[in-house]
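*Asks:* My questions all concern the structure below.
The values are calculated or read from the model by the stated rules, or taken from the named source; none is laboratory data. Just so it is clear, the model here is predicted, and its values are computed rather than measured. With ideal geometry, Cβ positions are generated from the backbone for all residues, glycine too; neighbour counts draw on all protein chains shown.
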Amino acid sequence: MKPVVDWWTSPVPVARIAVFRTIVYLFLLYDIFVLVNDVVPHGHAAELYRPLFVGRVLPLPEPSPVLVQTLQVVLVVAALVAATGRLPRLAGWVVAVCYFEWLVIGMSFGKVDHDHLALLVAVWVLPTVGRARHDDRTPTEAGGWALRCVQVATIATYVGSGFAKWVRNGSPFAWANSAVFTWAIIRRGTDLIVWVLDFPWILRISQWMLVLAEFVSPVVLFLRGRALLLAVGFFLSFHLVTYLSLGIHFLPTVICWLAFFPLERLGFAANRLLSERIGSLTHTRWAAWRIPKSG
């Protein structure tokens, strides 16, 4: 039992949490204004609202113009406050509750984006860590648990996608042997990828590689060092190629892949650069003050 607990609570520097928290909360603003930006219009079409299972189980309010506009304002203010590190628990919990309702409304009109799973988990676990500074090297088990939850949710996105292919097609082999990539390229392929239509065997191999990668993705959780970097690089490269070829992105999931990286180095580098800049300005002003006036 202890090895399991140690794996879930493996300590990480406090600064890693601080940097990851800032990135997540700032990205949240982009998400609600660009990616899931139809929640406010949905407030004017409540008659089309068909809540997800969680929306039917929990007593969540139906969308209305006042509700969705209030949600948007509260999310912006709370996310900005949380990104600065101020009131990390209060602002973080407000973001978690409001963002949860935002996604339930946004995805209760016929389309569910599974790429938001890890991001939703992130906003729920980050407030549990509390205060975190970008220059704090102190190891924290609470922060390790929070990042581990995000890592598991990130991998669960791929495993869930693999099982969805299995359920909808009767077996994962049926999807891998289908013409789904051909259909996708015909429908929305860019000039970068349309040439592959002349080589269907490449598409078939690509489908098999994707299914296998989704089912073996949990291995990433146990990799370290260069092996981990190569595995993460594989999945990020897949998303880059998908975006360039089909215009399909998984930005929320890509952001959560950062939970696998030593982000504290960014915080240390930024603090060092800022300290050097301030020191240089202070020295310059002190030197100018000591220069005797002419005449």
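*Asks:* In the list 45, 78, which residue meets the criterion of being modelled with pLDDT of 90 or more and of a type in the set (Gly, Ala, Ser)?
*Replies:* None of the others qualify; the one that does is 78.
*Asks:* Output the residues belonging to segment 97-156 that are touching a residue at least 60 places away in the same chain (Cβ under 8 Å), more than 26 Å from residue 242 (Cβ to Cβ) and aromatic (Phe, Trp, Tyr).
*Replies:* 145
*Asks:* Here is a follow-up. If a residue has to be in contact with a helix residue (DSSP H, G or I) (Cβ under 7 Å, 6 or more places away or on another chain) and in a helix (DSSP H, G or I) to count, how many in segment 59-98 make the cut?
*Replies:* Step one: filter segment 59-98 for residues in contact with a helix residue (DSSP H, G or I) (Cβ under 7 Å, 6 or more places away or on another chain), giving 60-64, 68-69, 71-72, 74-76, 78-79, 81-83, 85, 87-89, 91-96, 98.
Next, from what is left, pick out any that are in a helix (DSSP H, G or I): 68-69, 71-72, 74-76, 78-79, 81-83, 88-89, 91-96, 98.
The total comes to 21.
*Asks:* Kindly indicate whether residue 205 is buried (at least 16 other Cβ atoms within 10 Å of the Cβ), at pLDDT 90 or above and either among the hydroxyl-bearing types (Ser, Thr, Tyr) or over 20 Å from residue 118 (Cβ atoms) (or both).
*Replies:* no
*Asks:* While we're here: Any residue in segment 157-180 that is closer than 18 Å to residue 260 by Cβ, under 17 Å from the mean Cα position of the chain (by Cα) and not hydroxyl-bearing (Ser, Thr, Tyr)?
*Replies:* Checked segment 157-180: at least one residue is closer than 18 Å to residue 260 by Cβ, under 17 Å from the mean Cα position of the chain (by Cα) and not hydroxyl-bearing (Ser, Thr, Tyr).
*Asks:* Right, next: Could you list all residues from segment 59-76 that are aliphatic (A, V, I, L, M) and closer than 14 Å to residue 37 by Cα?
*Replies:* Residues satisfying the conditions are 68, 71, 73, 75, 76.
*Asks:* Just checking, how many residues over segment 40-58 are touching a residue at least 40 places away in the same chain (Cβ under 8 Å), among the aliphatic types (A, V, I, L, M) and outside any loop (DSSP other than H, G, I, E, B)?
*Replies:* 2
*Asks:* Name every residue in segment 125-162 that is touching an Asp or Glu at 6+ places or on another chain (Cβ under 8 Å) and under 18 Å from residue 9 (Cα atoms), in order of residue number.
*Replies:* Of everything in segment 125-162, just one residue is touching an Asp or Glu at 6+ places or on another chain (Cβ under 8 Å) and under 18 Å from residue 9 (Cα atoms), namely 137.
*Asks:* What helices (runs of 4 or more DSSP H) completely inside segment 100-198 contain at least 3 residues that are touching a strand residue (DSSP E or B) at 6+ places or on another chain (Cβ under 9 Å) and surrounded by 18 or more Cβ atoms within 10 Å (Cβ to Cβ)? Reasoning before the result, please.
*Replies:* On the way: elements: 117-125, 141-169, 172-176, 180-188.
The qualifying helices (runs of 4 or more DSSP H) are 141-169.
Condition check ((1) charged (D, E, K, R); (2) on the phi < 0 side of the Ramachandran plot; (3) at pLDDT below 90) across all residues:
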site: 127; (1), (2), (3): no, yes, no
site: 142; (1), (2), (3): no, yes, no
site: 148; (1), (2), (3): yes, yes, no
site: 159; (1), (2), (3): no, yes, no
site: 173; (1), (2), (3): no, yes, yes
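*Asks:* Moving on. Looking only at segment 82-96, filter to residues that are modelled with pLDDT of 95 or more and of a type in the set (Val, Ile, Thr); which one of those is surrounded by the most Cβ atoms within 10 Å (Cβ to Cβ)?
*Replies:* Ranking the candidates gives 95 first.
*Asks:* If you take the residues of segment 209-255 that are under 19 Å from the mean Cα position of the chain (by Cα), among the small types (Gly, Ala, Ser) and in a helix (DSSP H, G or I), which of them is surrounded by the most Cβ atoms within 10 Å (Cβ to Cβ)?
*Replies:* Selected residue: 217.
*Asks:* Let me ask something additional. Please pick out the residue among 231, 259 that is within 23 Å of residue 138 (Cβ to Cβ) and modelled with pLDDT of 85 or more.
*Replies:* Residue meeting the stated conditions: 259.
*Asks:* How many of the residues in segment 20-45 are over 30 Å from residue 259 (Cα atoms) and either touching a helix residue (DSSP H, G or I) at 6+ places or on another chain (Cβ under 9 Å) or of a type in the set (Ser, Thr, Tyr) (or both)?
*Replies:* 5
*Asks:* Does residue 190 satisfy the criteria of being more than 22 Å from the chain's Cα centre (by Cα) and either at pLDDT 90 or above or of a type outside the set (A, V, I, L, M) (or both)? Even if it seems obvious, please write down each step before you answer.
*Replies:* Numbers: more than 22 Å from the chain's Cα centre (by Cα): yes; either at pLDDT 90 or above or of a type outside the set (A, V, I, L, M) (or both): yes.
When the stated conditions are applied, residue 190 passes them.
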